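Colleague: The structure follows.
Every read-out reported here was derived from the displayed coordinates using simple, explicitly stated rules and does not represent laboratory data. Remember, it's a predicted structure, so these values are computed and weren't measured experimentally. We place every Cβ from the backbone using ideal geometry, glycine too, and count neighbours over all the protein chains shown.
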Amino acid sequence: MNDLEPFSYPSTAHERRHGPKGYSNFSSFKPWLRDEFVFRCVYCLNRERWYPDGSASFSVDHLYPKTVTPERENDYTNLVYSCHRCNSLKQDRLTLDPTITPLSRHLRVDEAGNVRATTPDGAKMIDLLQLNHPTYISRRVFYKELAILYRRSHDDKQIHNLYIHAFGYPDDLPDLNSLKPPLGNSLAFNVRESHHARKMRGELNNVH
Ligand SMILES: [Zn+2]
C-alpha cells in the first residue's frame, strides 16, 4: 500500500456484501458489519486494531437515524460500522452516505494528515464528525510514518511486526457461517468470502 492509503476514502460507493435479515435488535448486526466494512469506521477510517479494546470501541450506526425512519431501525441496508466517537458526534443527524456516494468524491487526506473537503457536503461532514481534531491528525501522521518506515525497512523483523500489528486484521474475525439470521440472508453466497472463511482457507493477506 502507499503511505496514505490507509486514509484514502473509497473511490466507489459501498456495495453490500451481506444481507442478514430479521434480527430484532440492531446490535445483532454488528458482526456482519465488522466484516462488511473491514473492521474500520466508515467515517474516520480508524481501525479496530488502533484501539486497545478493538471492536468494543465500535458500534452500529444508522445512516437514517431511528428518529427519522424508525421502521428502518433493524434494516441492514440502513446500518454501517462506526467508531463510538463518530457515532456519538453524528447523533440523529444525516451525513454523507458511503453506500450511495464514493466518499473520495468529497474528502481527501493531505500529506500533513488533514482531511480536506472537495465538496460542501464533505465540509459539513468534517465539521460534524470533527475529523480534523488534533488527536486524529497526529494519528494519521503516526500511521503514515509507520508505513514509510516499513517500506524502507521491511526486512527488519520488529518493524515488520509493528506494521502487521497496525494494518493486519483483528484476531477475533467473526465466524459469519455460524450465525443464523432469523429471516435468512439475501446474500448468503457471500459468507464463504467473509474474512473468517478466507482465513480458514489460508487465503487472507496479512494486512489490509
Ligand atoms: Zn470514526
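Colleague: Could we say that E36 is away from the ligand (no atom under 14 Å from the Cβ), within 19 Å of G19 (Cα to Cα) and without any contact (Cβ under 8 Å) to a residue 12 or more places away in the chain here?
Modeller: In short, no.
Colleague: Also: How do the pairs read when you match residues in the range 119-137 that are farther than 15 Å from V109 by Cβ and within 14 Å of the ligand (Cβ to nearest atom) with residues anywhere that are of a type in the set (S, T, N, Q) and not in a helix (DSSP H, G or I), using Cβ under 8 Å and keeping only pairs 6 or more apart or on different chains?
Modeller: L128/T95
Colleague: Right, another one. Among the listed residues S55, S59, S82, which satisfies the condition of being in contact (Cβ under 8 Å) with a residue 60 or more places away in the chain and among the small types (G, A, S)?
Modeller: S55
Colleague: Could you please find all residues in the range 81-98 being charged (D, E, K, R), within 10 Å of the ligand (Cβ to nearest atom) and within 17 Å of F26 (Cβ to Cβ)? I'd like the intermediate steps shown before the answer.
Modeller: Residues of the range 81-98 charged (D, E, K, R): 85, 90, 92-93, 97.
Among the residues that remain, those that are also within 10 Å of the ligand (Cβ to nearest atom) are: 85, 90.
K90, the sole residue that qualifies.
Colleague: To continue, here is another question. Select, from D75, D92, the only residue that is acidic (D, E), surrounded by fewer than 18 Cβ atoms within 10 Å (Cβ to Cβ) and in contact with a Lys or Arg (Cβ under 8 Å, 6 or more places away or on another chain).
Modeller: D92
Colleague: Output the residues belonging to the range 142-197 that are surrounded by 14 or more Cβ atoms within 10 Å (Cβ to Cβ), without any contact (Cβ under 8 Å) to a residue 40 or more places away in the chain and more than 30 Å from P20 (Cβ to Cβ).
Modeller: Result: L146, L149, Y150, I159, H160, L162.
Colleague: With respect to R201, determine if the residue is basic (K, R) and in contact with a helix residue (DSSP H, G or I) (Cβ under 8 Å, 6 or more places away or on another chain). Give the derivation first.
Modeller: On the way: basic (K, R): yes; in contact with a helix residue (DSSP H, G or I) (Cβ under 8 Å, 6 or more places away or on another chain): no.
When the stated conditions are applied, R201 does not pass them.
Colleague: Has the range 15-22 got at least one residue that is surrounded by 16 or more Cβ atoms within 10 Å (Cβ to Cβ), touching a residue at least 60 places away in the same chain (Cβ under 8 Å) and within 16 Å of the ligand (Cβ to nearest atom)?
Modeller: The answer is no, given that none of the residues of the range 15-22 is surrounded by 16 or more Cβ atoms within 10 Å (Cβ to Cβ), touching a residue at least 60 places away in the same chain (Cβ under 8 Å) and within 16 Å of the ligand (Cβ to nearest atom).
Colleague: Sticking with this one: Restrict the check to the range 42-62 and report whether at least one residue is surrounded by fewer than 16 Cβ atoms within 10 Å (Cβ to Cβ), more than 14 Å from the ligand (Cβ to nearest atom) and within 22 Å of R105 (Cα to Cα).
Modeller: Scanning the range 42-62, I find no residue that is surrounded by fewer than 16 Cβ atoms within 10 Å (Cβ to Cβ), more than 14 Å from the ligand (Cβ to nearest atom) and within 22 Å of R105 (Cα to Cα), so the answer is no.
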